[in-house]
1. Tell me the angle of helix 67-78 to the major Cα principal axis of the chain, expressed in degrees between 0 and 90 and rounded to the nearest ten.
2. Given a cut-off of under 8 Å on Cα pairs at least six residues apart, what relative contact order in percent is computed for region 382-540?
3. Please tell me which of these pairs span more than 18 angstrom C-alpha to C-alpha: 109/156; 517/615; 436/516; 3/56; 224/273; 56/188?
4. Modelling each spin label as a point 7 Å along the Cα-to-Cβ direction, I'd like the residue 606/residue 490 distance in nm, to one decimal.
5. Can you tell me what share of the DSSP beta bridges in region 235-358 is antiparallel? A percent to the nearest 5 is fine.
6. With only Lys, Arg, Asp and Glu charged, each at its Cβ (+1 for the first two, -1 for the last two), find how big the charge dipole of region 382-540 is about the Cα centre; round to the nearest 20 debye.
7. Within region 475-522, which GluC sites (Glu not before Pro) sit in a loop by DSSP and count at most 15 neighbouring Cβ atoms inside 10 Å?
8. With a cut-off of 18 Å, note down the residues of region 86-104 whose backbone N falls inside the zone around a label point 7 Å from the Cα of residue 215 toward its beta carbon.
Amino acid sequence: MAKLEELIVNEETRVLCLGNEAIARGAIEAGVQVFAAYPGTPSSEISMAMIAIAPKLGFYAEWSTNEKVAMETAFAASISGIRAMTACKHVGLNVAADTFYSFMYMGCKGGFVTVVGDDPHCFSSQNEQDSRWLGVSAQFPVIEPSSPQEAKEYVKRAFDVSEKFEMPMLLRSTTRVSHARADVQFNKYESNFREGVYEKTNRFACLPALARANHPKLLERMEKIKEWLPTSGFSTIEGPDNHNEFGIITSGISYVYVKDALKAIKKELPILKLGMVAPLDEQTILEFAKNKENIIFIEEVDPYLEDRISALFIQNGVIPKIHGKSSGITNKYHELNDRLVAEALIKVVGGAIVPVNEIEKAVEETKEFVPFRPPLFCAGCQHRAAFWELSKVVRKKDGIFASDIGCYSLDPWVTDTIICMGGGIGMANGFARVIKDKPIFAYIGDSTFFHTGMPALANAVYNNANINILVLDNRMTAMTGFQPNPTEKIDIVDVAKSLGVEYVVEFDPYDFENGKKVFEDALKHEGPTVIIMRKICANEDWRRKRRKGEKIEVFHIDPEVCIACGTCIVQYQCPAIRWSLDTNSKGKKYSVIDPDMCTGCSVCSQICPVGAISKVDE
């Protein structure tokens, strides 16, 4: 990642940075004064950069408890005349939906930008939502950059367009733009920070009578943007202008794939790149397509452009042959790449891909030697310990286990359902009404507890649901990059008790004997229980100790005692433990601990059936 001083330097320069850092820089150059967000991959680095930069430049930035609160915080600044921004991942936009649907009716004053990070291929998400549809549904103007440089410039333009039309703007990024690293041109900026001024008005009270009046005004503003679009520069046409047989319409990162794919198949075709995808630049689209026999749509994930522009063609009597997801040249799922796009274009325009490059050749030659390794808990992770303890008290077949979104989603032993943030406790509430012969468990992280867990817990207390709620408190939002959360100031024990939970217990997940007793006691209790398993994230604790030069206690396996039963490797699955390439004096294989990975959690020594594992003396 780029250094902090590089991101805030106030001069003309070029910096190698992530797409998300380029987005943060764009907000700085645009003069943003308020930023609020909840972390979520692939958008987290925007927030991390903004929150690190804010104290240096004097604007306000916060980690909010969830995306809805973040959007409300930023929007309040906007209607006070201040430029404001929020960022989230695609499913986070769902959390904020109740808010932004009403915001669009009211409009804004200071520029207001929401950056959403879509995650094609579900690299770190539970679905492949295409946020362009939400933008259209809520009447958000949606812009879509194709590179880190363009992302920086689009953020700046988004603030200008937002103020020009008094409309909140949605910038859609995707994983390959957000996490790409590129050489980005930084420009000088002015720090013109001032106090907001809110003028008393009924414009921002979304009551039925006012909403009825505001809806037509929203549609009028969208029409004005549509009229302005052909001269905005958001739509660009390139390639041969005398080629009437084929034309490609694309946007975002798909444009980059198209350019690379055309090189690979040695073709030159006209390309219409749409920078704003809602509303559509209908005039430019129709002009581009009027003499084309075939129009090829390249986009990810949904056939959004294909469906909407095909309807536009029919309405205007422009009837080229359509090629895209509906015709099967690309899939309606997962992300694209240059090879997939090249193969799609060949199906329509013919040709062949030039021989594979050296990187692809190397991948093919070595892939059989790369072991398949699914995501798993880090070495020493307290969540692994928590689930191991739970699995020993209540086997999977004997209980119902509703999980949530976080590091604990990696549980390999008991989890039955994973839906969304806060969904674990909500699902447990429902299971409690229809399953009477099995214990019901829900588990949730500390950050997620404050995000959307408390309403579901209140529901469990109010309706006296007989469920057991495990709060896996590792003192931070670990899965998205170790961001802080309200546990620093608000004790979950106090919150649970204040909501009326009678059985609230907190313990160290590394303490197996105590943990077993806590679970057994909870199962005897009628009504909701809350069990808080508190231990700082092992990975972060390990890093902090290394930075301070503190001693890290590690463990060792005695090869003469080890019976190679696999408890520590196969069952507990600690990545710091592996099979030795040698055998002990009895001719048997044995397990060994990598001292550079061991965090000293001691769990392996507690679960070893023959006592072969002990702490290293030196």
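Only the coordinates and a few stated rules stand behind these numbers; no lab work does. Everything numeric here is computed off the predicted structure, so don't read it as measured data. Every residue, glycine among them, receives a Cβ derived from its backbone with ideal geometry; neighbour counts consider all protein chains shown.
1. Result, in degrees: 40.
2. Taking the mean separation of contacting Cα pairs over the length of region 382-540, I get 25 percent.
3. Too far apart for the 18 Å limit: 517/615; 436/516; 224/273.
4. 2.9
5. Here the share of antiparallel DSSP bridges comes out near 25 percent.
6. 420
7. Filter output for region 475-522: 502.
8. Inside the label zone: 98-104.
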